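These notes are about the structure you will find just below.
The values are calculated or read from the model by the stated rules, or taken from the named source; none is laboratory data. Just so we're clear, the structure is a prediction, and the values are computed from it rather than from any experiment. Cβ coordinates were reconstructed from backbone atoms using ideal geometry, including for glycine residues, and neighbour counts include every protein chain displayed.
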Amino acid sequence: MTEEALVPVAVRVELAHAAVQRLAEETGVDVLHIKGPAVHPGLRRRTSGGSDVDVIVRPDGVDRLMGALAEHGWRVETTFEAGSAFDHAANLYHPSWGLLDVHRHYPGMDRDPAASFAVLWRTRGTIELGHVPCAVPDPISQSLVLLLHAARSTTPGVEHPDVEPNWTDRTPEDRDRIRALAAETGATVALAAATGTLGEHRDDPEAALWRVFSEGGDRLDEWEARLRSARGARAKASVVLRSFGVNRYYLAQRLGHEPSRREVAVEFARRLGAAGRGLATRVRSGADRGGSAR
């Protein structure tokens, strides 16, 4: 049994926040603690403090912090590039502290990660987690962070539980402050996805990806949206290349063991087949619509 399993989850998560904070201080890296026990009281309807630790790191300190974490027993489970459609967070595991998400930028606020972090850092507060002072975003910034998370974590047609306390129940003045913060951090389109106004940005390439997460879509929709949202030729080329790759971590999670080369090849063929079928369905759908129009 791991040490993690011997400690109540709520206690272990706070201690993990404290452990990460101490490492950040030792390496001279600024981090903001988000979600779980770091959230200001009243901004979440759920009583659970979460089961993992989330931090946003000042971009110029990401490599230093990742190096320090590795030296202290944290193992990378998913890399920044493999973790999500936004390439934003690496997932790590420690036998004593559990899971940690290290955000090198935050989805929605990723147009200029360094500038966005500076904005959040400027108005930060401090709370004690595991008896260690930890920097956290101020309540307005926390609401924006939670809303952006809701925008990519929702079930289409069902409002995410974080939307009500952070938007619907907020005063008009607070909503104006959240909009202003979103504009300052480049998160206007992402906020619109969280608050049901994404249609106002239908011509913005960035809206395509948020539409998939907030309104639903298959993997082909997601990769198409990622291609449209990517900024610049190099970023677009990277999306195309990775769209054919197999995420070994998620495949291992599904199989229950480290995948063999043959299993990776089989999964690659399965992904190609699924993409081909999805594309064929789209072509037939488009032909049917064209025939109906005539």
* Based on what the data block shows, is residue 114 surrounded by fewer than 24 Cβ atoms within 10 Å (Cβ to Cβ), outside any helix (DSSP H, G or I) and among the small types (Gly, Ala, Ser)? -> no
* To do: State which residue pairs qualify: first residue more than 15 Å from residue 95 (Cβ to Cβ) and inside the stretch 70-81, second residue of a type in the set (A, V, I, L, M) in any location, beta carbons under 8 Å apart, and separation of 6 or more residues or different chains.
  => 78/90; 79/90; 80/89; 80/90
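From 45, 64, 58, 22, grab the single residue that is among the basic types (Lys, Arg) and modelled with pLDDT under 95.
Working: 64 fails: modelled with pLDDT under 95; 58 fails: modelled with pLDDT under 95; 22 fails: modelled with pLDDT under 95.
45 is the lone residue from the list that is among the basic types (Lys, Arg) and modelled with pLDDT under 95.
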* Structure fact -> Of the conditions (1) crowded, with 17+ Cβ neighbours inside 10 Å; (2) assigned to a helix (DSSP H, G or I); (3) in contact (Cβ under 8 Å) with a residue 40 or more places away in the chain, the single one that residue 33 does not satisfy is (2)
* Structure fact -> Of the listed residues (97, 121), the one being in contact with a helix residue (DSSP H, G or I) (Cβ under 6 Å, 6 or more places away or on another chain), touching a residue at least 60 places away in the same chain (Cβ under 8 Å), aromatic (Phe, Trp, Tyr) and on the phi < 0 side of the Ramachandran plot is 97
* Structure fact -> Expected single match for charged (D, E, K, R), touching a residue at least 12 places away in the same chain (Cβ under 8 Å) and either out of contact with any strand residue (DSSP E or B) (no Cβ under 9 Å at 6 or more places or on another chain) or under 18 Å from residue 148 (Cα atoms) (or both) among 87, 60 is 60
* Looking at (1) closer than 27 Å to residue 45 by Cα; (2) at pLDDT below 95; (3) surrounded by 15 or more Cβ atoms within 10 Å (Cβ to Cβ); (4) hydrophobic (A, V, I, L, M, F, W, C), can you tell me which one residue 181 breaks? -> (2)
* Structure fact -> Of the conditions (1) assigned to a helix (DSSP H, G or I); (2) touching a residue at least 60 places away in the same chain (Cβ under 8 Å); (3) touching a Gly at 6+ places or on another chain (Cβ under 7 Å); (4) closer than 30 Å to residue 15 by Cβ, the single one that residue 109 does not satisfy is (1)
* Is it fair to say residue 176 is in a loop (DSSP other than H, G, I, E, B), over 21 Å from residue 45 (Cα atoms) and of a type outside the set (Gly, Ala, Ser)? -> no
* Show the residue pairs that are 6+ apart or on different chains and have beta-carbon atoms under 7 Å apart, the first residue being within the stretch 127-148 and part of a strand (DSSP E or B), the second being small (Gly, Ala, Ser) and surrounded by fewer than 22 Cβ atoms within 10 Å (Cβ to Cβ). => 129/18; 132/18; 136/125
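Return the residues of the stretch 93-110 that are small (Gly, Ala, Ser) and farther than 23 Å from residue 189 by Cβ; say none if nothing qualifies. Spell out the reasoning first.
Start the filter on the stretch 93-110 by keeping residues that are small (Gly, Ala, Ser), which leaves 96, 98, 108.
Listed by number, the residues that qualify are 96, 98.
Taking residue 90, is it farther than 21 Å from residue 141 by Cα, among the small types (Gly, Ala, Ser), within 14 Å of the chain's Cα centre (by Cα) and surrounded by 17 or more Cβ atoms within 10 Å (Cβ to Cβ)?
Yes.
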* Structure fact -> If we keep only residues of the stretch 101-111 that are buried (at least 24 other Cβ atoms within 10 Å of the Cβ) and in contact with a helix residue (DSSP H, G or I) (Cβ under 8 Å, 6 or more places away or on another chain), then the residue nearest to residue 36 (Cα to Cα) is 102
* **Residue satisfying all of: in the stretch 36-69; charged (D, E, K, R) and in a loop (DSSP other than H, G, I, E, B); nearest to residue 89 (Cα to Cα) among these** => 58
* **Residue selected from the stretch 184-206 under the condition part of a loop (DSSP other than H, G, I, E, B) and within 18 Å of the chain's Cα centre (by Cα), by the criterion surrounded by the most Cβ atoms within 10 Å (Cβ to Cβ)** => 187
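Report yes if residue 82 is under 14 Å from the mean Cα position of the chain (by Cα) and assigned to a helix (DSSP H, G or I), otherwise no. Walk me through how you get there before you give the answer.
Values: under 14 Å from the mean Cα position of the chain (by Cα): yes; assigned to a helix (DSSP H, G or I): yes.
In short, yes.
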